[in-house]
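Structure first, commentary second.
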Amino acid sequence: MIAPAEKGKTVKLNILRQDSPDAKPYWQNFEVPCNAGSNVTSLLRSISESPVTAGGAKVAPPAYEASCLEEVCGSCTMVINGRVRQACSTLVRKIHPHDSEEPITIEPMTKFPVIRDLVVDRSRTFENLKRIKAWIPIDSSYNLGPGPRITPEEQQAMYPLSRCMTCGACLEACPQFTRDNNFVGAQIISIARYYNMHPNGKILKDERMEVLMGEGGITDCGNAQNCVKVCPKEIPLTESIGVIGRAATVYSIKKFFSK
Amino acid sequence: MTTAMEGSVGKNPAGADYSSQSGQLHFWLRRVHSLAGLAFGGFVAFHLTVCATTLSPVTYQQEVNRIASLGPNLAFVEFTFIWLPLLIHMLYGVYIIGRGSKWNGVRYNYGGNIRYTLQRVTGLILLVFLAYHLATMHRWGLALVYDLTHWSALSSFPWFHPSTAYGSTVTAIKTPYSPNPWFWANVISDVLYFLGVWAAVFHLANGLWTAAIAWGLTVTAVAQRRWGNVCLAVGIIVGIIGTGALLGVTVLGKPSGNLPETGVVVRYMQKNASHASARRRVPLSTCGLTLRPHINDATTAAKAS
Ligand code: HEM
Ligand code: SF4
Ligand code: FES
């Protein structure tokens, strides 16, 4: 049911802004029109259309990212009312009590370097994907023919893991993932499990285990299990951590005695 | 296997080499830390059970005698099951806490996250409590100073003493300022003991839960919940035993409840009392505490006078 748009209704926003990667962050207040179907991305868009603060000052519009607008790309991930969320799928009426005078706070994610305002640099996740060889090796000088079959059961187990959009929410919420350490976080551990399950991806399993047993790997997980709670794609991240923990036990014994 | 992308693998923030052997040291040490925690947890459960017998002072003395009857072997047992695992677990635990994490139990107040935070908080409480525990039971440091200096000011400090296990335990937990259990300093001491034991119980039960994940015993959410219930049950049982021990040595303890000096310890002491040189060579210990023969001499002397 779509509630009718309410004329003249506004909502206050408190946005943490930062002009450049090294600049000091500062808060800025806005008041924007809001109707029953508004989400946070639509509020940010209204600001862009007329970037005037609540105090009436004309400012540069807050920079933000958005692409798919349907929670499948992850680019709009930010901290809204103190909690990491996708701005595009965060309905204002879900997080903000009707008629509340309190502003909605919007901050960039805290675990990644800020490029500008709400835009952060998530290249660390890409580096980590490369590090765990998040791919299936099929390069060859001749045609290898069709790949091995994957049973429907295997597909069903793998599909949820494939939904990860590298949004970084699980990393933002993880107390063990910080700006100055090198923990790879739940996302990478789960993706490694995904590629280890694939009949061709398995070829690189040992290499992935070597990485995951290294600095910043599975060892740094502290089992706070926030990741699985905040993941918008409902990926069984803690199960993946258990699977990789078990694989690490088996692999380390194998390595100790036969490598 | 080389791939086109390998050359472009960037540096992680700390610039560490992920796959080198030294890069995996942390993994191995962390597994040792886990084993040490489990071993020490076994000791804690045993120790609390023995101490719960303080509810029946005679049984407690018998248990202490039984432990003391290991004689010089006790030092070996203590080293393997108490000191070594504790030292490893404690040092590495402090390192894990110190290597940087961003606790966010208020912002993301999920059960798992609160337990994660409490695991670290109780670890730090235990660090302080274990030091206090050793200080009260053994006056570590002070006993050594006394040994070297025979400074009379220290002779009034009570400490654990296997031959009068019950009375000395109850007295040692009291501060040296007053034997009155409701004297404010003694109440603080008791509170510290309650805090310490319950911190240990939580830390142990939750540690059993996380260890099962770390080793890959529990994988699915259902299995983790099921094992969680077992850990909760273990926690409740050890907690009840621990509370029995706490009551026995604090509010229900009678400092004057010294039992007659019987049992192996005393016999052992008497056998060696005449050989001053034997003092150094016969380390008697129990419950992780080395008995200092001269205390016994002092007690015997006091009794005689
Ligand atoms: C009564 C004493 C103690 C017992 C019985 C105990 C037992 C345990 C156990 C069984 C674990 C689980 C290990 C795992 O997850 O694999 C654990 C974890 C931990 N312990 Fe202790 N411990 C004790 C004291 C301490 C102390 C004094 C510290 C340091 C301040 C400490 C710090 C930690 C930390 C940080 C963890 C979490 C490790 C992680 O999840 O990565 N513990 N402990
Ligand atoms: S696992 Fe979930 S929360 Fe983590 S990056 Fe992927 S989609 Fe986002
Ligand atoms: S814009 Fe793609 S997830 Fe929000």
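Values as computed for the structure displayed
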item: Odd one out for B:R107, checked against (1) of a type in the set (D, E, K, R); (2) open to solvent by 30 Å² or more (accessible area, probe 1.4 Å); (3) in contact with a strand residue (DSSP E or B) (Cβ under 8 Å, 6 or more places away or on another chain); (4) more than 14 Å from chain A (Cβ to nearest Cβ); result: (4)
item: Check on A:I218, closer than 30 Å to A:C73 by Cβ, surrounded by 21 or more Cβ atoms within 10 Å (Cβ to Cβ) and within 11 Å of chain B (Cβ to nearest Cβ); result: yes
item: Filtered residues of segment A:1-45 (kept if among the hydroxyl-bearing types (S, T, Y), at pLDDT 95 or above and part of a strand (DSSP E or B)); result: A:Y26
item: Qualifying residue in segment A:137-146 (condition: assigned to a helix (DSSP H, G or I), in the same structural domain as A:T238 (by TED's automatic domain parsing) and either open to solvent by less than 40 Å² (accessible area, probe 1.4 Å) or at pLDDT 95 or above (or both)); result: no
item: Conditions (1) within 16 Å of ligand 1 (Cβ to nearest atom); (2) within 14 Å of chain A (Cβ to nearest Cβ): number failed by B:R226; result: (1)
item: Test result for A:M158, open to solvent by less than 40 Å² (accessible area, probe 1.4 Å), more than 24 Å from B:Y116 (Cα to Cα), more than 10 Å from ligand 2 (Cβ to nearest atom) and assigned by TED's automatic domain parsing to the domain that holds A:A224; result: yes
item: Meets criteria (within 16 Å of ligand 1 (Cβ to nearest atom), in contact with a Cys (Cβ under 8 Å, 6 or more places away or on another chain) and not in a helix (DSSP H, G or I)) for A:A186; result: no
item: Flag if A:K233 is under 26 Å from B:R225 (Cα atoms), within 16 Å of ligand 3 (Cβ to nearest atom) and surrounded by fewer than 23 Cβ atoms within 10 Å (Cβ to Cβ); result: yes
item: Positions within segment B:175-192 being in contact with a Phe, Trp or Tyr (Cβ under 8 Å, 6 or more places away or on another chain) and not polar (S, T, N, Q), in sequence order; result: B:P176, B:Y177, B:F183, B:A185, B:L192
item: Residue within segment B:204-221 that is more than 14 Å from chain A (Cβ to nearest Cβ) and open to solvent by 20 Å² or more (accessible area, probe 1.4 Å) present; result: yes
item: Residue check, A:D206 open to solvent by less than 40 Å² (accessible area, probe 1.4 Å), acidic (D, E) and either over 17 Å from B:S101 (Cβ atoms) or more than 14 Å from the chain's Cα centre (by Cα) (or both); result: no
item: Residue that is nearest to A:K9 (Cα to Cα) [pool: residues in segment A:47-66 that are of a type outside the set (D, E) and within 16 Å of ligand 3 (Cβ to nearest atom)]; result: A:S48
item: Among residues of segment A:123-136, those that are crowded, with 16+ Cβ neighbours inside 10 Å, more than 8 Å from every other protein chain (Cβ to nearest Cβ) and not in a loop (DSSP other than H, G, I, E, B), counted; result: 2
item: Failed criterion for B:K174 (all others in (1) more than 14 Å from chain A (Cβ to nearest Cβ); (2) under 20 Å from the mean Cα position of the chain (by Cα); (3) surrounded by fewer than 20 Cβ atoms within 10 Å (Cβ to Cβ) hold); result: (3)
item: Residue within segment B:179-189 that is more than 23 Å from the chain's Cα centre (by Cα), part of a helix (DSSP H, G or I) and away from chain A (no Cβ under 14 Å) present; result: yes
item: Among the residues listed as B:L70, B:L38, B:L87, the single one being in contact with a strand residue (DSSP E or B) (Cβ under 9 Å, 6 or more places away or on another chain) and either closer than 28 Å to A:G217 by Cβ or surrounded by 15 or more Cβ atoms within 10 Å (Cβ to Cβ) (or both); result: B:L70
item: Any hit, segment A:46-54, residues being in contact (Cβ under 8 Å) with a residue 40 or more places away in the chain and either outside any helix (DSSP H, G or I) or within 16 Å of ligand 2 (Cβ to nearest atom) (or both); result: yes
item: Members of segment A:217-259 that are under 20 Å from B:L208 (Cα atoms), of a type outside the set (G, A, S) and in a helix (DSSP H, G or I); result: A:I218, A:T219, A:D220, A:N226, A:T238, A:E239, A:I241, A:V243, A:I244, A:R246, A:T249, A:V250
item: Of the criteria (1) free of Cβ contacts under 8 Å to residues at least 12 places away in the same chain; (2) within 20 Å of A:Q156 (Cβ to Cβ), which one A:V243 fails; result: (1)
item: Members of segment A:32-72 that are touching a Cys at 6+ places or on another chain (Cβ under 8 Å) and either under 26 Å from A:S162 (Cβ atoms) or within 16 Å of ligand 1 (Cβ to nearest atom) (or both); result: A:N39, A:T41, A:E65, A:A66, A:S67, A:C68, A:L69, A:E70, A:E71
item: Failed condition for A:L171, given (1) more than 16 Å from ligand 3 (Cβ to nearest atom); (2) crowded, with 19+ Cβ neighbours inside 10 Å; (3) aliphatic (A, V, I, L, M); result: (1)
item: Of all residues making up segment A:61-86, the number that are more than 14 Å from ligand 2 (Cβ to nearest atom) and in contact (Cβ under 8 Å) with a residue 40 or more places away in the chain; result: 5
item: Matching residues in segment A:174-200 - criterion: being open to solvent by less than 20 Å² (accessible area, probe 1.4 Å) and either within 16 Å of ligand 3 (Cβ to nearest atom) or hydroxyl-bearing (S, T, Y) (or both); result: A:T178, A:Q187, A:S190
item: Any chance B:S178 is within 30 Å of B:G71 (Cα to Cα) and at pLDDT below 95; result: no
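For every residue, the table says whether it meets (1) at pLDDT below 90; (2) more than 18 Å from the chain's Cα centre (by Cα); (3) more than 8 Å from every other protein chain (Cβ to nearest Cβ).
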{"residue": "B:Y18", "(1), (2), (3)": "yes, yes, no"}
{"residue": "B:W28", "(1), (2), (3)": "no, yes, no"}
{"residue": "B:A39", "(1), (2), (3)": "no, no, yes"}
{"residue": "B:F43", "(1), (2), (3)": "no, no, yes"}
{"residue": "B:S69", "(1), (2), (3)": "yes, yes, yes"}
{"residue": "B:I82", "(1), (2), (3)": "no, no, yes"}
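The values are calculated or read from the model by the stated rules, or taken from the named source; none is laboratory data. Being a predicted model, the structure only gives us computed values, none of them experimental. Every residue, glycine as well, gets a Cβ built from its backbone with ideal geometry; the counts of neighbours run over all protein chains shown. Calculation scope for accessible area: heavy atoms of the full protein, side chains included, ligands and nucleic acids excluded. Shrake-Rupley method; radii C 1.70, N 1.55, O 1.52, S 1.80 Å.
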